[in-house]
Amino acid sequence: MGKRGFHLETKNLSVKFAVVEKILNLARANSLWPMTFGLACCAIEMMAAAMSRFDLDRFGAALFRPSPRQADLMIVSGTVTRKMAPTFVTLYEQMPSPKWVIAMGNCAISGGPFVFEGQYNVVEGVDLLVPVDVYVPGCPPRPEALLEGILLLEEKITGKRRFPKPEAKW
Amino acid sequence: MVNTIREKIKAKIGDVEVTEVSYTEKGYHLSISAIKRNLLPLVHFFDEHLFYLEDICCVDYVEYLELVYFFNNYQSLCRMKVTLQIEPEHPQAPTISHIYDGAFWYEREIHEFFGVVFENHPNMAYLFLHDGIEFYPLRKKMVLVSDEDKRLLNSFKVEVEEDTFSVNMGPQHPSTHGVLRLVLKMDGEYIESAQPVLGYLHRMHEKMAENRGYLQFLPNPGRMDYLGAMAFNLGYVTTVEKLCGIPVPERAEFVRVIAVELNRISSHLLWIGAFLADLGAFTPFLYVFDDRENILDVLESITGSRLTYCYFRFGGLYNDINESFIEMTKAFLKRMWGRFNIYENLITKNVIFINRTKNIGTIDQDRARKYGISGPVVRSARQPYDIRKVEPYAAYKELDFDIPSGEQGDNFDRYMVRIREMEISLRIIEQAIDKMPEGPFRTEKVPKKLKPPKGDVYHTVETPRGELGVYIVSDESDTPYRMRWRVPSFSNLIIFPHLARGTLMADAVSILGSLDLVIPEIDR
Amino acid sequence: MNTLEEFFHVFVFFMAAVLFTLLPIILAYILSPRTKGKKTLTTYECGIEPFGSAWIRYSVAYYVYALIFIAFDVDILYLFPVALSYTKGGRMYEFYSVLIFIVILALAIIYAWGKGVFTWKRKISQ
């Protein structure tokens, strides 16, 4: 596996309308529909982020779609193993464009605590399989960390950040 | 009971060696070493005397491979360890899956991890691993997979028949509670056969245990079952303490009980949310997470983590509890007692819920015994078997609680058993807070690099899903020689293909939900 | 108002309906990027390759449901002009005749109910 093995042709348009693009990006960023791709422990924190205390719905992003055809954000929460990897790439390819990927948790970023000498089943990092937009570290990351990841993704799509970044006070 | 069994074995099957060992040191009563020719009569003997199959595992001592079978009894505690030595090149052993149906998958797992071929086993295809792993992972020396074994392992084929079609309830599915793949052969809306394919989250915990020291392996049990992480942690820590003979102060025992029971409540709450989401109800999910956040606040104040706890250390706890923890726990208890009313009005008295769960997925007692089922699933089948009562550990000896059991063994009974277990957990926590003594929270002078004595030990705890068994074989070094995790969801899942045969697809989804599986602990 | 004018109203309505469905498709074709991977156009089956083809002999229970639905859908079509004609002043005689029509249709449902088309057994023995 590797970045060289992944082929995805994206045809962008030859004509771009600037103002329309800006409005479309605003619309896309404020209504991200994640796909339910909870694999392991981080899935529970993703579910907790969508529930009443840390509400994902205020960012428009809590409408979890089981089918990749209707989703545009894939939150990879959990370890991707070599047995799961072909399925994972198939699901990514079945999502329509434009699509984004958040790698949530240490296992999705670089294999996590399961990398040791002689390991045979864990993919060391999801970015060996698909292009990743935002990395959210933690094992598992708190729901607030996932919310910060979604805000960063919105900033990446629209260019402007919704809430100011909190300053570290200590 | 142990002595009578010993006499009967000696009388019936002549040439086995039966040694009695100390239960408090080893965790089992009798150690029986069998040879290939008298394994099947021995297993028939256990079947007649109503023993259930607890675990089958394999240990690779380089000159020979040893198959270890554990049998136990629901009615009176009597754990038997049967060992069978086989040769390391082209290892072969007789199968017991025609006597105990649960052995079907244990033997498949041993085949793909160690290369042991079981004669007359109906299906030796890949269970956890996949094509592309060229060696047997858990052998000590690198042994390559032979070509005829590769043909056996890749022999899973989906037959295309005329009136039925095969559908994947795949790894990415909102109702399979993790990455479980079910290959369903459907006849219209009815399921003819359901075959689970596991291993999509196989994270090599058992191999990691052989490469890490005892203290370095502590974070791993929490990742195996992330919803009941305290109980898994407790199982590991108690087994190592049993192996090395480390004493635990009383205050630590009581705090361990409080932490495990709080975790049990939060795990059952999440199960209610997920089970009802499978049936189509989304509201209980929100209520349940609200209660859960309260528990997570309480546990976060002493452990620091929300989900995958690593709070216990060998000889006690990581740090002591303080007054604010006791106050927060008492406030939580008061709040939780008032919440059961909501769940009763919303769910238990709901006509739709009752119609969808009564008389679905009925398990009878003899089937439960052959598959080795434990936990709320076996308690709902009229078998009140709870490790906290039968083999008490931590401070459960001094606490007074009863065990709920169901009448029929259907989905509704499993739901009621779990609700009652939550109430019982609240009572246990109240008693533990009252009885907690002052004192140290950790034994001093536990070395960082443990040097346990040579030998093996087996210990069980009761997790929210059932009976967890940890079997450690040590060779006096500071890493375990072999660590085997007998997880409850694995044996609970084996019964699913039998239960789902002939049901509607929606009912099969609800049966799968009611068994309360957590897939990472199955895949280890 | 002559009939040509009335047909013109219908024609405008028809064109508006067609445009309403086609406009989002055209806009999406102009404004959004398109991606094609190796597996993009395959059938979604939870990430795994589907077994066999989708043209199979499926169970007859689904067919009976579809049959009943089609029959009653056509009956609903008959009831639309009845509903519209009530605004032009109605008499009790018209109401009773439509009621008899509906009762005869309902007898068909009661027959199907009695024959057990609407109940599916929870578990079939194998």
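The values are calculated or read from the model by the stated rules, or taken from the named source; none is laboratory data. Quick caveat, the model's predicted, so the values are computed rather than measured. Cβ placement follows ideal geometry from the backbone for every residue including glycine, while neighbour counts extend to all protein chains displayed. With ligands, DNA and RNA removed, areas are computed over all heavy atoms of the protein, side chains included. Shrake-Rupley method; radii C 1.70, N 1.55, O 1.52, S 1.80 Å.
Observations on the model:
- Nearest-0.05 FRET efficiency for C:L67 and C:R34, computed from C-beta distance (R0 35 Å): 0.30
- A:F17-B:N123 pseudo-label distance in nm [points 7 Å out on the Cα-to-Cβ vector]: 5.6
- When the surface is traced with a 1.4 Å probe over the full set of protein chains, C:Y29 keeps roughly 150 Å² accessible.
- Listed by chain and number, the lysines whose alpha-carbon sits under 27 Å from that of B:K349, ignoring those within fewer than 8 places in the same chain, are B:K334, B:K358, C:K121, C:K123.
- Cα-projected label distance for C:A106 with A:L63, points at 7 Å along beta-carbon direction, nm: 3.9
- The accessible area of B:K10, taken with all protein chains in place and a 1.4 Å probe, comes to roughly 100 Å².
- For the set B:D163, B:D47, B:D297, the ranking by accessible area, highest first and with no ligand, DNA or RNA atoms included, is B:D163, B:D297, B:D47 under a 1.4 Å probe.
- Cα centre as origin, Lys/Arg/Asp/Glu Cβ charges: region C:1-120 dipole, Debye: 460
- Peptide B:157-170 - average C-beta neighbours from other chains (10 Å radius): 4
- Entry note, region B:205-523: relative contact order of 27 percent, from Cα contacts under 8 Å with a spacing of 6+ residues.
- Which of B:Y23, B:C57, B:F46, positive extreme of dipole for region B:2-150 (C-beta unit charges): B:Y23
- Listed pairs B:K157/C:K39; A:K83/B:K185; A:K22/A:K169 exceeding 26 Å between Cα atoms: A:K22/A:K169
- Inter-chain neighbour count for A:92-105: the average number of beta-carbon atoms from partner chains within 10 Å of each residue's beta-carbon is 3.
- For q = 0.05, 0.08, 0.12 Å⁻¹, Debye-computed log10 I/I(0) when each Cα of chain B counts as one equal scatterer: -0.19, -0.50, -1.19
- Using the Cα coordinates of region B:96-142, the gyration tensor eigenvalues translate into equivalent-ellipsoid semi-axes of 21, 11, 8 Å, sorted from longest to shortest.
- Between region B:88-129 and region A:69-144, the alpha-carbon center distance in angstrom: 33
- Relative to the Cα centre, the charge distribution of chain A, modelled as +1 at Lys and Arg Cβ and -1 at Asp and Glu Cβ, gives a dipole magnitude of about 380 debye.
- Ordering B:320-329, B:164-173, B:245-254 by mean Cβ neighbour count within 10 Å, with the highest value first, yields B:164-173, B:245-254, B:320-329.
- Computed [θ] at 222 nm, deg cm²/dmol, chain C (DSSP H ≥ 4; -39,500 (n - 2.57); rounded to nearest 500): -22500 deg cm²/dmol
- Taking the helices alone, chain A has a mean residue ellipticity at 222 nm of -9000 deg cm²/dmol, built from -39,500 (n - 2.57) per DSSP H run of at least 4 residues and averaged over all its residues.
- Around the Cα centre of region B:2-150, unit charges on the Cβ atoms of Lys, Arg, Asp and Glu (plus for the first two, minus for the last two) sum to a dipole of about 560 debye.
- Loop-located GluC sites (Glu not before Pro) in region B:116-149, at most 16 other Cβ atoms within 10 Å (DSSP): B:E134
- The order of A:W33, A:W170 by accessible area, most exposed first and with a 1.4 Å probe, is A:W170, A:W33.
- Rh by Kirkwood over Cα pairs, then Stokes-Einstein D for region C:17-126 at 1.002 mPa s and 20 °C, µm²/s: 106
- Calculated FRET value between A:W33 and B:E7, using beta carbons and R₀ = 60 Å, to 0.05: 0.35
- Take each residue of peptide A:119-129, count the partner chain Cβ atoms within 10 Å of its Cβ, and average: the result is 3.
- Across region B:19-175 the C-alpha pair distances fall into 5 Å bins from zero in the proportions 2, 8, 16, 18, 17, 14, 10, 8, 5, 1, 0, 0 percent.
- In this entry, the protein assembly as shown is assigned a mean projected area of 44.1 nm², taken as a quarter of its C-alpha convex hull surface.
- Derived scalar couplings between HN and Hα for region B:148-161 equal 6, 6, 4, 5, 5, 5, 8, 8, 8, 10, 8, 7, 9, 10 Hz in order, rounded to whole Hz, by the Karplus curve 6.51 cos²θ - 1.76 cosθ + 1.60 (θ = phi - 60°), x for Gly and Pro.
- Electrostatic tally near B:D15: other residues with Cβ closer than 14 Å to its Cβ, Lys and Arg +1, Asp and Glu -1, net +3.
- Heavy atoms of B:Y64 accessible to a 1.4 Å probe, total area in Å² rounded to 10: 70
- C:V82-B:K330 pseudo-label distance in nm [points 7 Å out on the Cα-to-Cβ vector]: 7.1
- In straight-distance terms, cross-link reach from B:K36 covers every one of the lysines whose alpha-carbon lies under 27 Å from its own, apart from those fewer than eight places away in the same chain; here that gives B:K8, B:K10, B:K12, B:K26, B:K81, B:K140, B:K141, B:K150, B:K370, B:K454.
- Alpha carbon Rg of region B:147-242, scaled by the compact-globule rule 2.2 N^0.38 Å: 1.53
- Listed by chain and number, the lysines placed with their C-alpha closer than 19 angstrom to that of B:K330 are B:K435; residues fewer than eight positions away on the same chain are left out.
- Gap separating the Cα centres of region B:339-409 and region B:182-227, nearest whole Å: 24
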